[in-house]
1. Under 16 Å from a label point 7 Å along Cα→Cβ of Arg122: give me every residue in the range 1-39 with its amide N that close.
2. Residue by residue through the range 183-192, what is 3J(HN,Hα) from phi via Karplus (6.51 cos²θ - 1.76 cosθ + 1.60, θ = phi - 60°)? Round to whole Hz and write x for glycine and proline.
3. Specify the angular offset, from 0 to 90 degrees and rounded to the nearest 10, of the alpha carbon long axis of helix 95-110 from the longest principal axis of the alpha carbons in the chain.
4. How would Ile473, Ile252, Ile226 line up from fewest to most surrounding beta-carbon atoms within 10 angstrom?
5. Using a Förster radius of 56 Å, what is the FRET efficiency between Arg405 and Ser155 based on their Cβ-Cβ separation? Nearest 0.05, please.
6. Please report the antiparallel percentage of DSSP beta bridges with both residues in the chain, rounded to the nearest 5.
7. Given the DSSP H assignment, sum -39500 (n - 2.57) over each helix run of at least 4 residues in the chain and divide by its residue total; what's the result at 222 nm in deg cm²/dmol, nearest 500?
8. Report relative contact order for the chain in percent, whole number only (criteria: Cα-Cα under 8 Å, sequence separation at least 6).
Amino acid sequence: MAGYADLVKLGEMMDRRPEIWPAMTEKLFCVKQREGGMAPLKANMAQRQFEARRGQHNLVLKARQMGMTTWVAARFLLRTMTRPGTLTLEVAHTREAAESLLEMMRTMWRSLPRDLREGELRLSRSSSGRMVFGALGSEVRVASAAEANAGRGLSVQCLHCSEVARWPGDAAETLAGLRAALAPGGESVLESTPNGAYGAFYEEWTKGPEDVVRHFLPWWLEPSYIATPVMEGWDEEERAGAARYGWSAEQIGFRRTLQARFRALRTQEFAEDPESCFRATGTCWFDVEALERRRAEVMDPVSIRRNGALQVWLPPQAGRRYVLGVDVAGGGDAGDFAAVQVVDLQTGMQCAELQERLRPVELAKISAALAREYGMALIAVERNNHGSAVLTYLETVERYQNVYRQAEEAGWLTSVASKPEMLARLHAVLQERAGCVMSRRLLEECRTFVSTRNGRLGASAGTHDDLVMAMAIALSVREEQLR
């Protein structure tokens with residue numbers, strides 16, 4: 001490469017001649033290899049396939065270690081270095097991963113000729129979070145998706161979001177903020193391996209904007225994914241894969257080693273199609289088929305109040321008895337929601353549901369009003385954490401008397417011992433009497449309620465379980481009352 005002007009021409013070619021650009025990367029950047037050492041960045045099949053279809057906004061669903069994170073980082077580094085005033089933002093699921101991304105880009109920069117690195121591409125600032133090209137007014141920044149203000153206040157020309165399916169917290173809200181920071185005409189790439197049929201990445205893949213180009217990159221595009229060939233005894237799936245995708249005997253051998261090593265997680269880590277890779281991942285604690293069947297059947301509420309927070313399917317009827325299950329949150333503009341489930345004591349039918357970020361005093365007021373509306377219903381408040389404050393407000397401010405007591409103490413205690421039993425009760429209802437559940441929101445929460453490898457039961461990253469727990473409380477108290 002003769003000089004900076006040639007680098008600029010290469011940056012222009014990246015957009016004007018995408019069919020040529022992949023062949024040029026090995027002359028430009030060097031990267032670390034999996035097995036150690038450095039080598040030129042030579043485009044693999046997955047990277048070439050992405051480049052052939054790439055649009056302004058891209059969503060990449062991929063198998064493990066397909067090289068897409070490296071490829072996007074290289075693209076955006078070149079754009080940053082050849083278009084003055086460019087801000088590239090790299091966002092990963094953890095701070096450590098984000099800093100590793102920046103170090104990868106710094107390694108690519110170091111592979112450039114010294115006269116460029118000491119001339120136009122001299123770094124005026126280089127830290128764990130930034131590479132600043134002072135002479136160009138361009139820079140690369142990295143951020144963690146866990147950072148509350150990732151991208152806020154910036155005008156970004158290149159946005160790379162890595163492993164979105166594993167982003168913590170409210171990933172959808174984080175994505176919305178990052179998209180707001182993307183300048184008109186800016187380029188974006190969201191990429192991830194799958195992590196269950198729920199969450200922000202799944203929603204982006206299945207229901208995201210229509211102007212996004214979707215790329216699915218299965219494991220067999222990676223040439224190194226081979227093993228001892230299997231020459232005979234192929235099963236039906238293996239024969240179908242060979243006929244449809246051209247799997248070789250070596251690739252079928254590799255697929256069998258994956259099955260032995262990863263078992264149920266094989267289609268998550270090494271995706272074969274964009275449907276099963278989502279369904280097979282993230283161990284949903286409830287019966288997925290039952291949830292999907294009921295989700296297709298539920299009707300819209302007959303009334304909606306509080307800007308959609310309160311939904312009613314079965315209004316109160318004189319002479320019937322009801323119970324309210326209340327899951328308490330701290331309130332405020334972030335964090336968990338408070339939730340209230342209203343259940344008919346005799347039938348177990350879900351009648352109404354509230355999901356809203358409320359402080360304890362507000363939750364007590366609304367719960368008491370809803371209980372009075374439903375014939376002085378029994379209120380069962382989870383007394384863990386902020387629940388004691390809600391119970392106090394119910395007694396002293398609302399002066400509501402029909403409050404559930406457990407062993408003479410007001411409120412319901414969710415413990416390590418009681419939680420599995422509560423959830424098992426809800427699980428049974430969803431399988432045997434799913435028609436009692438009316439809320440699509442509740443069913444969606446059930447879909448993202450998982451059992452982790454360490455045995456913990458709860459919402460997957462970036463989702464909530466307040467509606468699930470409120471219903472589990474209501475059903476448990478109902479059963480007690482009917483004994």
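Derivation of every value follows stated rules applied to the coordinates shown; laboratory data play no part. Fair warning: this is a prediction, and the values are worked out from it, not measured in the lab. Heads up, the Cβs are rebuilt from the backbone with ideal geometry, glycines too, and the neighbour counts pull from every protein chain shown.
1. Under 16 Å, as judged by backbone N against the label point of Arg122, lie 4 of the range 1-39.
2. 5, x, x, x, 10, 9, 9, 10, 9, 5
3. The answer is roughly 10 degrees.
4. Fewest-to-most Cβ neighbours within 10 Å comes out as Ile226, Ile252, Ile473.
5. On the way: r = 57 Å, r/R0 = 1.02.
Once rounded, the FRET efficiency stands at 0.45.
6. Values: 33 of 65 bridges.
Within the chain, antiparallel bridges account for around 50 percent of the total.
7. On the way: 18 runs with 187 residues, N = 483.
Mean residue ellipticity, 222 nm, calculated: -11500 deg cm²/dmol.
8. Working: 903 pairs, mean separation 61.7, N = 483.
Reported as a whole number, the value is 13 percent.
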